[in-house]
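The values are calculated or read from the model by the stated rules, or taken from the named source; none is laboratory data. Values in this document were obtained by computation on a predicted structure and should not be read as measured data. Cβ placement follows ideal geometry from the backbone for every residue including glycine, while neighbour counts extend to all protein chains displayed.
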Amino acid sequence: MKKIALVVFGVLASTVAHAVTFDASAPFRMTDCALLNENVQINLSAGVRAGVVCNVATGVAIGTCHTGGRTAAREVEILVAAPAPAPAGTLISQNPPVFETRTGPVVATASTRQGTVVPLYPAGAACTSAIAEAQATVRLAQ
């Protein structure tokens, strides 16, 4: 019975999302993500913060923002998930386009599910690696 429980735990643990935040350039290692076949160097410019999320079931996503970026209120387009047969994670404009006023940093996100860069607008006072990681998690779930 213990052997079966260990196998089940191992399978469940392998599908759990792992997140890493970056306040400076650093490697994203194979030990951080079972989907990698080699370590990946995350190179960040001064003032850029990042978060990377890995989930064996859904892929890898990254979110980045700049500490000196705009946080004032602005109108942004709200994207929605595309209907089938579009690949999972595909975001499209609504018809007619829908806009909302948002404040906080712009977080550029991308995932292995779609590959395109999509801006997300979390409510927040400033860009941090935690906000970037949270938006990468959101992107991977879309």
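Points worth noting:
- Residue within the stretch 5-17 that is surrounded by 15 or more Cβ atoms within 10 Å (Cβ to Cβ), closer than 23 Å to GLY89 by Cβ and at pLDDT 95 or above present: no
- Residues of the stretch 126-142 satisfying the condition of being among the hydroxyl-bearing types (Ser, Thr, Tyr) and in a loop (DSSP other than H, G, I, E, B): THR128
- The set of residues from the stretch 38-65 being in a loop (DSSP other than H, G, I, E, B) and at pLDDT below 95 comprises VAL56, ALA57, THR58.
- Scanning the stretch 88-125 for residues being part of a loop (DSSP other than H, G, I, E, B) and either polar (S, T, N, Q) or under 19 Å from CYS54 (Cβ atoms) (or both) gives a total of 13.
- Output for the stretch 57-102, where each listed residue is more than 25 Å from THR128 (Cα to Cα), hydrophobic (A, V, I, L, M, F, W, C) and under 15 Å from the mean Cα position of the chain (by Cα): ALA57, ALA88
- Of the candidates THR116, THR58, THR109, the single residue that is loosely packed, with under 15 Cβ neighbours inside 10 Å and either among the acidic types (Asp, Glu) or within 24 Å of VAL20 (Cα to Cα) (or both) is THR116.
- Residue ID - surrounded by the most Cβ atoms within 10 Å (Cβ to Cβ), chosen from residues in the stretch 69-97 that are out of contact with any strand residue (DSSP E or B) (no Cβ under 7 Å at 6 or more places or on another chain) and free of Cβ contacts under 8 Å to residues at least 24 places away in the same chain: ALA86
Results for (1) surrounded by 14 or more Cβ atoms within 10 Å (Cβ to Cβ); (2) within 15 Å of the chain's Cα centre (by Cα); (3) not hydrophobic (A, V, I, L, M, F, W, C), shown as yes or no for each residue.
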{"residue": "SER25", "(1), (2), (3)": "no, no, yes"}
{"residue": "ALA34", "(1), (2), (3)": "no, no, no"}
{"residue": "GLY104", "(1), (2), (3)": "yes, no, yes"}
{"residue": "LEU120", "(1), (2), (3)": "yes, yes, no"}
